[in-house]
Amino acid sequence: MDRIKQLAINDEGFVFDPLTGDSFTVNQTGLFILKKLKEGKTEEEILQEITGEFEVSQEEAERDLIDFIEKLRSYRLI
Amino acid sequence: MEIKIAVSGINAVDNPGPGIGVAKSLLEAEDFSAEIVGLAYDAMEPGIYMDWIVKKSFIMPYPSGGHDAFINRLLYIKENYGMDFFMPVLDAELPVVIKYSHELEKNGIKTFLPTYEQFKLRSKDRLEEIANNIGIEIPKSEVVTSYEELIKAIEKIGLPVMVKGAFYKAYRAFTTQEAVSYYNKIVAQWGYPIIVQQVVSGEEMNVVAAGDGEGSSLGMVGIKKVWITELGKIWTGITIKNEKMLSASQKFIEKYSWKGAFELECIVDTKESRVYLIEINPRFPAWSYFSTGVGVNIAANIIRKSFGMPVKNYTDYPAGKLYVRFTDDLVTDMERFQKIITRGES
Amino acid sequence: MKKIYEKPVITKLQTGFMNKFGSSPLYARKIRKDIDGVPISELVEKFGSPLFVISEKKLREKFRQIYNAFSTRYPNVQFGWSYKTNYLKAVCAVLHQEGAIAEVVSAFEYEKARNLGIEGKEIIFNGPHKPVEILEVAASEGAKIHIDHFDEITDLEKIAEKLGKQIKVAIRINMDTGIHPQWDRFGFNLETGQALDAVKRIASGGKLVLNGLHCHIGTFILEPEAYGREVEKMVKFAYEVEDNFGFKIEYLDIGGGFPSKNRLKGTYLPPDVAVPPVDEYAEKITESLYSNLRPGDFPKLILETGRAIVDEAEYLITTVFASKRLPDGRKAYIADAGVNLLFTAFWYKFNIEIDREVQGSNEPAVIYGPLCMNIDIIDEGTMLSPLERGTRLIFSPVGAYNNTQWMQFIEYRPNVVMVMEDQTVEVIREKENLSDIEKRERLPERLKIK
Ligand SMILES: Cc1ncc(COP(=O)(O)O)c(C=O)c1O
């Protein structure tokens, strides 16, 4: 999770990785998850916070979180 | 008079779009004050960062999105920022903008473009007819779709020949074998048909001009490319006055009541005094600032004509003026980039 | 109050692809909740997914629009419905009601038209493969037979002898109209003199009477001028035949080929810009007729327009069955219909509409079909916001060549319904079951599993 800690994230959803020079865009939910990951939260904790914050079922949120993390992995951000 | 003019093609890179040259020309007009709105297709187009020319930029959806995407985006920009005129300079944009120009006009965005019928004149199969009508020649050429036809065409035209795709790629073949291999290469990549063309000797000379849609010229300058880059783009050029080529351009404007900017690409055999028409581009070329630099501001004249201002009568320009491109660079921070990425506007 | 949820998306910025809109912009995302007023949800609930839906209204509208473009410009016009484009009975019946005769290209199609109640003389019989048996039926029933090759002339002469009467025929010709590729494998070539040879051969045989010319220059032709050239050549040839052989050419059948508002792969321009309106075709064709026909001569103009009439009248509703993340980070959706039902997906990029509002920004996505074949892809690159399982995707236009070229590979073919003009919905082809597929199979006794 080291790389994720170094990411520069702005509130409009622009993400810059100073290590590689890569830039990314994320939407609001993605931003929410990224910030939590940056804070070092576990996936279970994040899942709880998502369902607490947004109008979404546990099942859908979990499926999406797994998918999002797979995507981060494909970018080698985690 | 303050006019917000949207200009596309602000990708001032090694294969530059025409936008920045057009924008510079517009800013130099003394009788109106233009504010340039840049329309870009990628957040990395340099024009977005050249804030001394382009005040504000918007990312555009590709013209392939048609009405729903492309035209609606223009209307959005009109409503939220302002746009009095749109000067599309990229080939891919023209059909869409021409098709919906009435709708744009109704919504307060003027354009100054050929009709769709005129636009279609530039297609390769109409060139011969145009050349005949404006008193110049075109290299002999044949459209082929099979080996047999290819061989026949080569016999008819005589080696060497140019082997060309309908839209992209052109190779010079000195032997039939070479021609066959280029033929295969182009077919594999771009498909049929293939055009076999006579190789004509001479120098590359071009005209930038605009017609007012009523048979008169809004300005015209002829140039010769002196030095070109590996991509075939002009780097150094010189103004010239080849009577035959200029009068052909004049006739083109008169005969077809051409409306808007265009570029005539020719090969001129000065020994034989022959002018061959190679292509007509229905838009400004990337080097159009050259004409402004020698006192013929065609882009500004298009604006004058569109807004009912007195049009300048550019009757002459000096031959022997030099055009020199150079590279430049700038350093900026990431803010503009971030904004254009996240909001789609700078 | 909790915030509205949108599925999380992260996208890496890549040089050359930094366009917020990708190829299909956020605000051009298209929602479709109904077809002719019947909700998508209701259609799927009653008839299942996937589901082909044909709009009777649109079909009739399209036919009338195209027919009128010609009938208002020329006094003697007949349409022949190209069965191969879509030969579902209900579709053919609607078009016959509108006044089209049948255009068929095989024994199967001929029998289909007859079975629907169309008389032989209302059938145009085209195609390179007309076995003698069906040819004889067609000849005795007075069908308009369009000869494709010299062997067919011989066959027909034998039939004429057998029937003891002269048979009226037309020949198909092919020619250079500036369209590439040139469809020169059907009929007799004009430029090489082959077509004239065919006429000579027919005249010398004395058993056949040439009364028409047929030509079909290709499909999805985007250049109206090509038809102008086709008509000019046909008329000139017709007069050459009339003046030298004493035949009267009563009709010119100029084939089909007008485009629908579909996006041919590899064309950059969107269909709303690239596809000329039908009036432009009608204008070029009738202009060419009037400038080449002799005064007072108005041979019947037959058109076999297929795609342009039916394509936009049909939709395919599919359901997102699952989604996955590809190793390269793209999102993939598995729909319950693929190239088994949308055979034309190999050449066309369909318009995709979603049945509900979705939140969230677009990401690059691929849409796969349900088959276990790598090539089962309906859209290999589009921008979609994240879709949940069960979302309906509506593909269009799919009316041309899908209900005839679809294949029964590992899946059953689904219901096809027609939304009638009064908004009732009729099943016009029931979804298949095991017995449909196995009905013709025979399992040898000794192979039976005990
Ligand atoms: C002889 C003939 N007529 C008509 C058609 C219908 O063509 P389209 O659907 O392009 O109008 C075809 C299609 O291939 C054809 O072969």
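For the reader, a short list of remarks on this structure follows.
- log₁₀ of I(q)/I(0) at q = 0.09 Å⁻¹ - the protein assembly as shown, Debye sum with one point per alpha carbon: -1.11
- Rg/Rh (Cα only; Kirkwood hydrodynamic radius) as it applies to segment B:140-197: 0.90
- Per-selection Kirkwood Rh - segment C:68-118 (Cα, Å, 1 d.p.): 11.5 Å
- Within segment A:22-49, backbone nitrogen closer than 16 Å to the virtual label 7 Å beyond the Cα of A:K5 toward Cβ: A:35-42
- Translational D in µm²/s for segment B:201-324 (Stokes-Einstein at 10 °C, 1.306 mPa s, Kirkwood Rh from C-alpha pairs): 109 µm²/s
- Longest to shortest principal axis, alpha-carbon extents of chain B, angstrom: 60, 44, 39
- Viscosity 0.890 mPa s, temperature 25 °C, Stokes-Einstein D of segment B:5-67 from Kirkwood C-alpha radius, µm²/s: 207 µm²/s
- Segment C:348-433: chymotrypsin sites (Phe, Trp or Tyr not before Pro) falling in loop per DSSP and having at most 14 other Cβ within 10 Å: C:F409, C:Y412
- Surface composition of segment A:17-78: carbon and sulfur make up 44 percent of the accessible area, probe 1.4 Å.
- Delta accessible area of at least 30 Å² on complex formation, residues of segment C:231-273, 1.4 Å probe, chain isolated as reference: C:Y268, C:L269, C:P270, C:D272, C:V273
- Pairs from B:K4/C:K58; B:K56/C:K30; B:K164/C:K144; B:K124/B:K152 whose Cα-Cα separation, in the structure shown, is over 32 Å: B:K4/C:K58; B:K164/C:K144
- Calculated FRET efficiency for the pair B:S181/B:D269, C-beta based, R₀ 35 Å, to 0.05: 0.75
- Spin-label zone in segment C:378-416 - amide nitrogen under 16 Å from a point set 7 Å from the Cα of C:V427 along the C-beta vector: C:412-416
- Shielded by partner chains, segment B:304-346 residues - at least 10 Å² of accessible area, 1.4 Å probe, vs chain alone: B:M334, B:F337, B:Q338, B:I341, B:T342, B:R343, B:G344
- Interface size B-A, as summed buried accessible area [1.4 Å probe, Å², nearest 100]: 600 Å²
- Solvent-accessible surface of the protein assembly as shown, averaged per residue with a 1.4 angstrom probe and all protein chains in place: 44 square angstrom.
- 17 Å Cα-Cα reach of B:K225 towards lysines, excluding residues that sit fewer than 8 places from it in its own chain: B:K233, B:K241, B:K321
- Looking at segment C:141-237, none of the chymotrypsin sites (Phe, Trp or Tyr not before Pro) sits in a DSSP loop with at most 16 other Cβ atoms within 10 Å of its own Cβ.
- Calculated FRET value between B:F326 and B:E28, using beta carbons and R₀ = 22 Å, to 0.05: 0.75
- Within segment C:84-116: backbone nitrogen closer than 13 Å to the C:Q408 label point (7 Å, Cα to C-beta): none
- Between chain C and chain B, roughly 2200 Å² of accessible surface gets buried, counting both sides and using a 1.4 Å probe.
- For GluC sites (Glu not before Pro), the sites in segment B:167-228 that DSSP calls loop and that have at most 16 other Cβ atoms within 10 Å are B:E214.
- Charged-residue dipole, Cβ positions (Lys, Arg, Asp, Glu), chain B about Cα centre, Debye nearest 20: 280 debye
- Within the accessible area of segment B:201-324 (1.4 Å probe), percent carbon and sulfur: 48 percent
- Label-point gap, in nm, between C:E250 and A:E39 - each point 7 angstrom along Cα→Cβ: 8.6 nm
- Antiparallel bridge percentage (DSSP; both residues within the protein assembly as shown; nearest 5): 60 percent
- Calculated FRET efficiency for the pair B:E203/C:K265, C-beta based, R₀ 41 Å, to 0.05: 0.55
- Gap separating the Cα centres of segment C:285-301 and segment B:188-263, nearest whole Å: 40 Å
- Contact surface A-C: accessible area buried, both sides summed, square angstrom, 1.4 angstrom probe: 2300 Å²
- Within the assembled protein chains, the solvent-accessible surface assigned to C:H149 is about 60 Å², based on a 1.4 Å probe.
- Rg/Rh for chain A, where both radii come from Cα atoms and Rh is the Kirkwood radius: 0.95
- Chain C: Cα Rg divided by the 2.2 N^0.38 Å rule of thumb: 1.11
- The stretch between C:E240 and C:N211, if pulled fully straight at 0.36 nm per residue, gains 9.1 nm over its current Cα-Cα span.
- Accessible surface of chain C [probe 1.4 Å, protein heavy atoms]: carbon and sulfur percent: 51 percent
- Rg/Rg_globular for segment C:312-450, with Rg_globular taken as 2.2 N^0.38 Å and Rg from C-alpha atoms: 1.23
- Quarter of Cα convex hull surface for segment C:126-305, i.e. mean projection, nm²: 10.9 nm²
- Dividing the Cα radius of gyration of segment C:258-330 by 2.2 N^0.38 Å, with N the residue count, gives 1.83.
The values are calculated or read from the model by the stated rules, or taken from the named source; none is laboratory data. Everything numeric here is computed off the predicted structure, so don't read it as measured data. Counting neighbours? That spans all protein chains shown, and the Cβs are built from the backbone with ideal geometry, glycine included. The accessibility values were calculated without ligands, DNA or RNA, using every heavy atom of the protein model including side chains. Shrake-Rupley method; radii C 1.70, N 1.55, O 1.52, S 1.80 Å.
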